[in-house]
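Worksheet: the structure to be examined is printed underneath.
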Amino acid sequence: MQHKARKFSTRAKVVTSAAALAAVGAGVIGAVSASADTVAETPAAAPAAAVAAVKGKATTTTDHLTIEAANDAAQAALKAARKEGQRVSVAVVDRNGNTIVTLRGDGAGPQAYESAIKKAYTAVAWNAPTSQLTKRLESAPTLKDIPGTLFLAGGAPVAYDNAPIAGVGVAGAPSGDLDEKFAQAGVAALGTGR
């Protein structure tokens, strides 16, 4: 038997290999073609179901502070701090706590940057100045364990139609009262259109 195998011509080997390869290729193409037909049918059905799921009152629209307004608030807070010779960082976050603007004032301490963001987030999350929120820790000390929050004076909420839409946080002054005064200056700039 080995003797006959050796006598296969090169031509016979090539023809046999080509036939086997063609058979395997036809099977693969058929499988890919069948899969493509299945995939093509699925997306057409999915959007119709998704559209039906969001009809009616399944969505909501919210108000957000523009980047220009956030920048105005941050600049106003930083200007108020500079006017009193204070070196601070300022942050403005949106309703969801996402940072819109941060400004690190000249000479602000390294801790001020992150603290300003956390104060802004805390103020918008509770829709209250952080100086008021520090008093709540007496009756609910675990509030300070909520990630991303900082219960120190220096954060002020921004509201529109009585709903919180942003927070301004300032950190780096020698007292939280000063930080909050500067944060309130940022909020005030929004009301006056500065």
ask   = Take the residues of the stretch 148-189 that are among the polar types (S, T, N, Q) and assigned to a loop (DSSP other than H, G, I, E, B): which is modelled with the lowest pLDDT?
value = ASN162
ask   = Just to be sure, is ARG82 out of contact with any Phe, Trp or Tyr (no Cβ under 9 Å at 6 or more places or on another chain), outside any helix (DSSP H, G or I) and surrounded by fewer than 20 Cβ atoms within 10 Å (Cβ to Cβ)?
value = no
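Somewhere in the stretch 117-125, is a residue of a type in the set (Ser, Thr, Tyr) and crowded, with 20+ Cβ neighbours inside 10 Å?
Yes, the stretch 117-125 contains a residue that is of a type in the set (Ser, Thr, Tyr) and crowded, with 20+ Cβ neighbours inside 10 Å.
Out of THR142, THR99, THR134, THR149, which single residue is in contact with a strand residue (DSSP E or B) (Cβ under 9 Å, 6 or more places away or on another chain) and of a type outside the set (Lys, Arg)?
THR99
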task = Identify, by number, the condition in (1) part of a loop (DSSP other than H, G, I, E, B); (2) under 20 Å from the mean Cα position of the chain (by Cα); (3) in the same structural domain as ALA188 (by TED's automatic domain parsing); (4) touching a residue at least 12 places away in the same chain (Cβ under 8 Å) that ALA108 doesn't meet.
result = (2)
Hits in the stretch 160-172 (condition: over 23 Å from the mean Cα position of the chain (by Cα) and crowded, with 24+ Cβ neighbours inside 10 Å) = GLY172
query = Which one of these does GLY154 not meet: (1) buried (at least 20 other Cβ atoms within 10 Å of the Cβ); (2) touching a residue at least 40 places away in the same chain (Cβ under 8 Å)?
reply = (2)
ask   = Among all residue pairs at least 6 apart or on different chains, which show Cβ distances below 7 Å where the first residue, located in the stretch 122-150, is in contact (Cβ under 8 Å) with a residue 60 or more places away in the chain and the second is of a type in the set (Val, Ile, Thr)?
value = ALA123/THR130
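The values are calculated or read from the model by the stated rules, or taken from the named source; none is laboratory data. Worth saying up front: this structure is predicted, and the values here are computed from it rather than measured. Neighbour counts run over all protein chains shown; Cβ positions are idealised from the backbone, glycine included.
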